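What follows is a single structure, written as structure tokens, with notes after it.
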Amino acid sequence: MKLIKFFIVGLLFGIIMTKSEAVSWFRIQEMFHFDSFHMYGIIGTAVVLGAVIIWSVKQSRLKNSSGTEISFNPKDLSVPRYLFGGTIFGLGWAMTGACPGPMFTLVGHGFISMILVILSAVAGTYLYGVVRERIPH
Amino acid sequence: MTNIIELISQPWHWSISGAMIALVMFLLLYFGGEFGVSGNLRTLCAIGGAGKKISFFNFNWRNQIWNLVFIFGAIGGGFIASQYLASDMPVQIAEATRDHLASEGIATPVTLEDGTGYVPMEIFAKEKILTLRSLIFIVLGGLMIGFGTRWAGGCTSGHAISGLSNLQLPSLIAVVGFFIGGLIMTHFLLPFLFSL
């Protein structure tokens with residue numbers, strides 16, 4: 001029963017991803033061609049408001065719905081994993097036009113090919129697990 | 001009510017969209033989760049039994065079920081939005097991008113008869129899935145997304161939204177990487193891949 005609220009937030013997220021057009025392969029192409037402000041506006045607004053939200057959550061020591069104070073895990077600073085991993089993700093993002101959230105949303109639109117994109121992404125994650133010890137982090 | 005549905009069915013302004021994404025991030029934090037979609041790919045590996053062979057997938061995935069429920073909700077949200085909240089025109093793409101793609105043989109829908117403008121049908125239509133070009137886009141693209149997000153420890157939601165909102169330098173490095181990869185693919189590799 002506790003999980004229903006996550007399902008509802010997920011429904012909302014799928015609707016937002018669609019109506020924002022962030023799920024559009026063409027919008028991602030437009031972004032990487034610097035031909036429109038649309039995607040930059042979406043991400044920029046989300047980050048600025050998100051920063052205000054997270055700052056307020058920390059300042060007010062807000063508790064989550066089960067009464068535990070909301071905490072954040074700072075990420076360990078290094079360069080290779082973020083830069084190289086990020087670059088590989090970026091290559092795939094520009095090809096499929098979908099990052100992980102939109103992949104799932106587009107399955108709901110009825111695009112069968114996106115199920116194959118998801119399965120390939122799961123395989124890619126598995127592959128990372130296999131070579132993880134041998135690549136720089 | 002009809003008016004509200006009509007209003008929601010219009011394409012949303014970027015500022016509304018961005019604010020709604022920030023709201024989703026807050027709701028997930030408030031309900032005891034966090035906003036990061038690509039972690040689900042690792043969870044799916046673990047559920048599939050990958051933890052028996054590889055320690056990276058040997059973790060208590062039951063703690064992550066909320067995130068899978070969230071992303072299955074997103075499939076439902078995509079269904080609702082595409083069936084009941086559809087706009088009366090395809091996604092409106094900048095002319096420069098349309099011209100550029102047309103020169104590479106990819107048509108951008110102008111009317112709904114051509115498509116909704118979410119994916120290029122030349123590549124992602126189900127009749128095309130088994131062609132070499134489509135398989136490269138789908139399989140290679142998916143593999144790189146899965147590999148890259150886990151190496152970087154997050155995707156657009158985990159790094160670009162959650163991480164940057166929390167002023168995390170690692171997330172900024174990751175986002176720089178996203179753009180290096182995206183720009184190389186868009187400007188140097190896609191023209192070749194389209195021609196296959």
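Throughout, read-outs are computed from the coordinates displayed, never taken from laboratory work. Because the structure is predicted, anything quoted here is derived from the model rather than measured. Virtual Cβ from ideal backbone geometry, glycine too; neighbours counted across all protein chains shown.
Computed quantities for the displayed model
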| read-out | value |
| --- | --- |
| Measure of compaction for segment A:74-137 (Cα Rg per 2.2 N^0.38 Å) | 1.28 |
| Under 12 Å, Cβ to Cβ, from residue B:42 - net charge with Lys/Arg +1 and Asp/Glu -1 | +2 |
| Over chain B, relative contact order from alpha-carbon pairs under 8 Å, at least 6 apart, % | 23 percent |
| Translational diffusion coefficient (Stokes-Einstein; Kirkwood radius from C-alpha pairs) of segment A:1-77 at 4 °C, 1.567 mPa s, in µm²/s | 85 µm²/s |
| Rg [Å, one decimal], Dmax [Å, integer] - segment B:1-86, C-alpha atoms | 16.9, 55 |
| Kyte-Doolittle at least 0.0, axis length at least 18 Å by Cα - qualifying DSSP helices, chain A | A:4-19, A:38-59, A:80-96, A:113-131 |
| Estimated 222 nm signal from helices in the protein assembly as shown, with DSSP H stretches of n ≥ 4 weighted -39500 (n - 2.57), rounded to 500 | -18500 deg cm²/dmol |
| Contact order normalised by residue count of chain A, Cα under 8 Å, 6+ apart, percent | 28 percent |
| Formal net charge of residues neighbouring residue B:158 (Cβ-Cβ distance under 11 Å; K, R +1; D, E -1) | +1 |
| Inverse of mean 1/r across different Cα pairs in the protein assembly as shown, Kirkwood, Å | 19.8 Å |
| Shape of chain B, Cα gyration tensor, a/c cut at 1.5 | oblate |
| Residue order, fewest to most surrounding Cβ atoms within 10 angstrom, among B:147, B:192 | B:192, B:147 |
| Summed side-chain charge close to residue B:85 - residues other than residue B:85 whose Cβ falls under 15 Å, Lys, Arg +1, Asp, Glu -1 | -2 |
| Cα-centred dipole magnitude for chain A, charges only on beta-carbon of K, R (+1) and D, E (-1), debye, nearest 20 | 500 debye |
| Test item: Cα-centred dipole of chain B, Lys/Arg +1 and Asp/Glu -1 on Cβ, debye | 1060 debye |
| Cα-derived Rg to Rh of chain A, Kirkwood definition | 0.99 |
| Nearby lysines by direct alpha-carbon distance to residue A:63 (threshold 26 angstrom, same-chain neighbours under 8 apart not counted) | A:2, A:5, A:75 |
| R0 of 35 Å, Cβ-Cβ distance residue A:4-residue B:9: FRET efficiency to nearest 0.05 | 0.85 |
| Farthest toward positive dipole pole in chain B [+1 Lys/Arg, -1 Asp/Glu at C-beta], among B:102, B:148, B:73 | B:148 |
| For B:133-141, mean number of other protein chain Cβ atoms within 10 Å | 6 |
| Shielding by other protein chains, B:120-127, mean Cβ within 10 Å | 4 |
| Sorted by Cβ neighbour density within 10 Å, fewest at the top, the residues A:89, B:31, B:57 | B:31, B:57, A:89 |
| Segment B:82-108 versus segment B:137-186: alpha-carbon centroid distance in Å | 24 Å |
| Stretch gain in nm, segment residue B:112-residue B:53, where the contour uses 0.36 nm per residue and the Cα spacing is subtracted | 16.4 nm |
| Peptide B:1-8, shielding by other chains (average Cβ, 10 Å cutoff) | 0 |
